[in-house]
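Notes for the one structure printed next.
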Amino acid sequence: MTHIMRGALASRMTFESRAMKIIQLTDTHLMPAGQLANQMDPEAQMRAAIADITARHADADLMVITGDLCNHGDPEAYDLLHEILAPVPFPVRLMLGNHDDRPNFIAAFPEHPLDGNGYVQGWQDTDFGRLIFLDTHEAGVIGGIFGADRMAFLDEALQGAGPLPPTIFIHHPPMDDGIGHFAKISLHDEGRVMARLAAHPQGIRHIVFGHIHMPLAGTSPEGIAYSAGQACAHRFITEIDRSDPWWTNGHAHYRVIFLDRLGFRAFMAEAGQLPTVQAPICDGP
């Protein structure tokens, strides 16, 4: 059975000197069984991703699903999420996106960590720095909200993060991503989150997010590295300037993230790939 993260705000996991391996899954958009979203079956997509993850990455330390767990936040969809995650043999951290429903999520996952104000956010300490999970969901808002009460949580999480730069997980990108479709529906915080992160004395290792349904990697004007994973369900054709891009289909995606002596590395993985020719061993130089 999967281990949904438990506890109030913080838990400590130590990994000695080996790498920490994190699976990022994002924008699963589950519907009640048998229902499509944008002409794709999100249940089939997520089942394919989880089957690939459990077959290839059973040694992972953590899975983080960075929001839009369910397309409409239906109780039936959250029940389906429970079922699909059951085979995962390592802890799972669930995060909310704009398509989710916080009351329905909490009812379905009552032991998942919440902060003191009832937001689905928390932190986890590791040998490679603190992981901080932020909740930008606001009912009825497509973009993200991160007001004063949530900023107080971020202040606390950063103040106690220790000497290593923390890694931030969030659904809505807190910086301007330059994508036409998302120009008005990213994080509505007047730049407060990025300003606070930029002021952190130890720096920020990386910002990991979802929401945009396409892979993206960049560096903010403040010099903070960030990246997004490909959506597990429907995704956009990469038409960066269009405000009305086309949805498309394809294999389920997830990312394999390593925190180790090399820093932060994220590899895109695709469920359902077929091998063709095996590469020879390259001895170099």
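Whenever a residue of the stretch 205-216 is at positive phi, its partners that are crowded, with 24+ Cβ neighbours inside 10 Å and assigned to a loop (DSSP other than H, G, I, E, B), lying with C-beta atoms within less than 6 angstrom and at least six residues away or across chains, give the pairs His211/His171; His211/His172; His213/Asp27; His213/Ala231.
Could you grab me the full set of residues in the stretch 258-268 that are of a type outside the set (Asp, Glu), over 19 Å from Ala48 (Cα atoms) and either under 14 Å from the mean Cα position of the chain (by Cα) or surrounded by 15 or more Cβ atoms within 10 Å (Cβ to Cβ) (or both)?
The first filter runs over the stretch 258-268 and keeps only residues of a type outside the set (Asp, Glu), leaving 258-259, 261-268.
Filter again for over 19 Å from Ala48 (Cα atoms), leaving 258-259, 261-266.
Of everything in the stretch 258-268, those that are of a type outside the set (Asp, Glu), over 19 Å from Ala48 (Cα atoms) and either under 14 Å from the mean Cα position of the chain (by Cα) or surrounded by 15 or more Cβ atoms within 10 Å (Cβ to Cβ) (or both) turn out to be Phe258, Leu259, Phe264, Ala266.
How many residues does the stretch 37-78 hold that are touching a helix residue (DSSP H, G or I) at 6+ places or on another chain (Cβ under 8 Å) and either small (Gly, Ala, Ser) or buried (at least 18 other Cβ atoms within 10 Å of the Cβ) (or both)? Qualifying residue count for the region: 10.
Scanning the stretch 8-36 for residues that are open to solvent by 70 Å² or more (accessible area, probe 1.4 Å) and of a type outside the set (D, E, K, R), we see that the one that is modelled with the lowest pLDDT is Ala8. Considering the conditions (1) under 26 Å from Asp125 (Cα atoms); (2) in a loop (DSSP other than H, G, I, E, B), Phe153 is excluded by exactly one of them, (2). Among the residues of the stretch 93-114, those identified as in a helix (DSSP H, G or I) and either of a type in the set (A, V, I, L, M, F, W, C) or touching a residue at least 12 places away in the same chain (Cβ under 8 Å) (or both) are Arg102, Asn104, Phe105, Ile106, Ala107, Ala108.
A count restricted to the stretch 144-174 and to residues that are surrounded by fewer than 21 Cβ atoms within 10 Å (Cβ to Cβ) and within 16 Å of the chain's Cα centre (by Cα) stands at 0.
Kindly indicate whether Ile4 is open to solvent by less than 20 Å² (accessible area, probe 1.4 Å) and at pLDDT 60 or above. It would help to see each step written out before you state the result.
Details: open to solvent by less than 20 Å² (accessible area, probe 1.4 Å): no; at pLDDT 60 or above: yes.
Against the criterion (open to solvent by less than 20 Å² (accessible area, probe 1.4 Å) and at pLDDT 60 or above), Ile4 does not qualify.
The residues of the stretch 228-249 that are open to solvent by less than 30 Å² (accessible area, probe 1.4 Å) and over 20 Å from Leu69 (Cβ atoms) amount to a single one, Pro245. Contact map, the stretch 39-54: residues that are in contact (Cβ under 8 Å) with a residue 60 or more places away in the chain paired with residues that are surrounded by fewer than 18 Cβ atoms within 10 Å (Cβ to Cβ) and outside any helix (DSSP H, G or I), Cβ distance under 7 Å, separation 6+ or inter-chain. Pairs shown: Met40/Asn249; Ala48/Gly272.
The values are calculated or read from the model by the stated rules, or taken from the named source; none is laboratory data. Bear in mind the structure is a predicted one, so any value in this text is a computation, not a measurement. Glycine also receives a Cβ, built like all others from the backbone with ideal geometry; neighbour counts cover every protein chain displayed. Heads up: the accessible areas ignore ligands, DNA and RNA and are worked out on the full protein's heavy atoms, side chains in. Shrake-Rupley method; radii C 1.70, N 1.55, O 1.52, S 1.80 Å.
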